[in-house]
Amino acid sequence: MTNLLRWTVVALVTVHGLIHLLGAAERFGWADDPTLEKSTGLGLLWLVAAVLLLVTALFAALGRVVGWWLLAVVAAVVSQVAIMTSWDVSGSGTVVNAFLLVVAAYSFLLRGPFSFHAQWHHQVEEALAQADSLAPVITEEDLDALPAPVAAYVRSAGAVGRPRPTSVRADFTGRIRTGPDAPWMGFAGKQVNTFGADPRRIFLMEASRYALPVLVLHSYAGARATMRAKVLSVATVLDASGPELDQGETVTVFNDLVVLAPGAIVGAPIRWTQIDDRQVRGVFTNGRQMVTAVLTFDGDRLVSFVSEDRFRASDDGTAFVPQTWSTPLAGHTDDEGHHVVSSGVGRWRDPRGWFTYVEMEFEDVDLDPVRSGRSAGARAPLGRTGRPPRSRRPTPGPPRTSAPR
């Protein structure tokens, strides 16, 4: 749920719980109110309702959303039973209980077992279960088959001397729009990719449009892709699939591989052709899909990825138009002497020229999260600054004996 809704729930339910606590005191006879019946049983009922409501408010404040909807339903029902014992005095509390039930229903749709969040976790677990857990260590000799700019890029990312990545998780924030004249939407997202014989990509994004929350789920497996979006986790506003999306998402998988996990380039099904000292053409193959991109380097840094093989979708996902797509990588940072991409943009070239449709900042990039001991479904840990660390954390490996980076 949004922060505004969450803190509204916290405030209302806390006050509601404190009122129930006062009601319990009155039923126990601890407070003098001649209009209310004194009863130990009623006192216990109001006390239990108060505790449930206050715990519901506490969990909402802490952001503990797993199963929160069930706790909220139980709290609202017990509260309503208590209210019915003194309807003339307490009936107005029904409004708060009705509000809490509506929010609980929304939380169920957002985080419950049939939600996009649950589907994301299920698909991630399935993908990681199939990922290779015994990847070989990358050596300097492995880079000999790569064009010089690509080899320098992989080396500078610190991949030599470490196991070849078989998966990656990324957490990110940014803003996105549907066209050059459309309004921007802020978003936060997370994705998991796996590499190998059957590369997969599971991408979940939470955005806001016209003050309404929008949830978007991209899934790619078996060289097939789907893209779905819901408003308020209820109304489906996008449900796309088909050969154009399959091809376009294969380009995205290629892009994720080279941007988020440079070490996975080694041994990947990519045919390279060096164009000049700065540019390389790569042809990535996955099953029946074959896509091409031109990568541009500045020294040992990747600065651009351009492909003619993506399709720009209409707002409702019913039509696709082939357009040139690029991801200029504007931000780089150093992580223990290794170059790491920290931010970038996505651009389309329509008949009027290039326009930026997404701006993204990587909050955390974690290579092989399961192998390194972190659950891929878990939230990125907070760093000392209070924000997730912007770093690529490779899986520990043997000491490097490779050539200087």
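Look through 98, 82 and report the one residue that is assigned to a helix (DSSP H, G or I), closer than 21 Å to residue 232 by Cβ and not assigned by TED's automatic domain parsing to the domain that holds residue 215. Break it down into steps so the answer makes sense when it comes.
Numbers: 82 fails: closer than 21 Å to residue 232 by Cβ.
After applying the criteria, what remains is 98.
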Legend entry - From 133, 115, residue being touching a Lys or Arg at 6+ places or on another chain (Cβ under 7 Å) and at pLDDT below 95: 133
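Report yes if residue 174 is assigned to a loop (DSSP other than H, G, I, E, B), touching a residue at least 40 places away in the same chain (Cβ under 8 Å) and among the small types (Gly, Ala, Ser), otherwise no. Spell out how you get there, then give the answer.
Numbers: assigned to a loop (DSSP other than H, G, I, E, B): no; touching a residue at least 40 places away in the same chain (Cβ under 8 Å): yes; among the small types (Gly, Ala, Ser): yes.
The answer is no for residue 174.
Every residue, every condition in (1) farther than 17 Å from residue 346 by Cβ; (2) touching an Asp or Glu at 6+ places or on another chain (Cβ under 6 Å); (3) of a type outside the set (Ser, Thr, Tyr); (4) at pLDDT 95 or above, yes or no:
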position: 193; (1), (2), (3), (4): no, yes, yes, yes
position: 211; (1), (2), (3), (4): yes, no, yes, no
position: 218; (1), (2), (3), (4): no, no, yes, yes
position: 221; (1), (2), (3), (4): yes, no, yes, yes
position: 225; (1), (2), (3), (4): no, yes, yes, yes
position: 230; (1), (2), (3), (4): yes, no, yes, no
position: 237; (1), (2), (3), (4): yes, no, yes, no
position: 248; (1), (2), (3), (4): no, no, yes, yes
Legend entry - Within region 148-171, considering residues that are surrounded by fewer than 24 Cβ atoms within 10 Å (Cβ to Cβ) and under 23 Å from the mean Cα position of the chain (by Cα), the one nearest to residue 367 (Cα to Cα): 170
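In the list 235, 229, 240, which residue meets the criterion of being small (Gly, Ala, Ser) and touching a Leu at 6+ places or on another chain (Cβ under 8 Å)?
229
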Inset, instruction - Please go through region 178-197 and pick out each residue that is in a loop (DSSP other than H, G, I, E, B), over 20 Å from residue 251 (Cα atoms) and within 19 Å of the chain's Cα centre (by Cα). - result: 184
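Return the residues of region 330-341 that are surrounded by 19 or more Cβ atoms within 10 Å (Cβ to Cβ) and either at pLDDT 80 or above or part of a loop (DSSP other than H, G, I, E, B) (or both); say none if nothing qualifies.
341
Go over the candidates 61, 57, 105, 75 one by one and state the one that is closer than 27 Å to residue 233 by Cβ, within 35 Å of the chain's Cα centre (by Cα) and touching a residue at least 60 places away in the same chain (Cβ under 8 Å). Please lay out each step first, then the result.
Details: 61 fails: touching a residue at least 60 places away in the same chain (Cβ under 8 Å); 57 fails: touching a residue at least 60 places away in the same chain (Cβ under 8 Å); 105 fails: touching a residue at least 60 places away in the same chain (Cβ under 8 Å).
On inspection, the qualifying residue turns out to be 75.
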Legend entry - Index of the failed condition, residue 141 passing every other in (1) touching a residue at least 60 places away in the same chain (Cβ under 8 Å); (2) of a type outside the set (Lys, Arg); (3) under 26 Å from residue 258 (Cβ atoms): (1)
Inset, instruction - Evaluate region 6-25: report whether one residue or more is closer than 30 Å to residue 229 by Cα, aliphatic (A, V, I, L, M) and part of a helix (DSSP H, G or I). - result: yes
Legend entry - When residues of region 32-56 are limited to those that are surrounded by fewer than 17 Cβ atoms within 10 Å (Cβ to Cβ) and within 16 Å of residue 85 (Cβ to Cβ), the one modelled with the lowest pLDDT: 35
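Of the residues that make up region 250-273, is at least one assigned to a helix (DSSP H, G or I), of a type in the set (Phe, Trp, Tyr) and crowded, with 16+ Cβ neighbours inside 10 Å?
Of region 250-273, the ones assigned to a helix (DSSP H, G or I) are 250-260, 262-265.
Next cut, of a type in the set (Phe, Trp, Tyr) only: 254.
Next cut, crowded, with 16+ Cβ neighbours inside 10 Å only: 254.
Yes, region 250-273 has at least one match.
The values are calculated or read from the model by the stated rules, or taken from the named source; none is laboratory data. Everything numeric here is computed off the predicted structure, so don't read it as measured data. Neighbour counts are summed over all protein chains in view; Cβ atoms, including those assigned to glycine, are modelled from backbone coordinates with ideal geometry.
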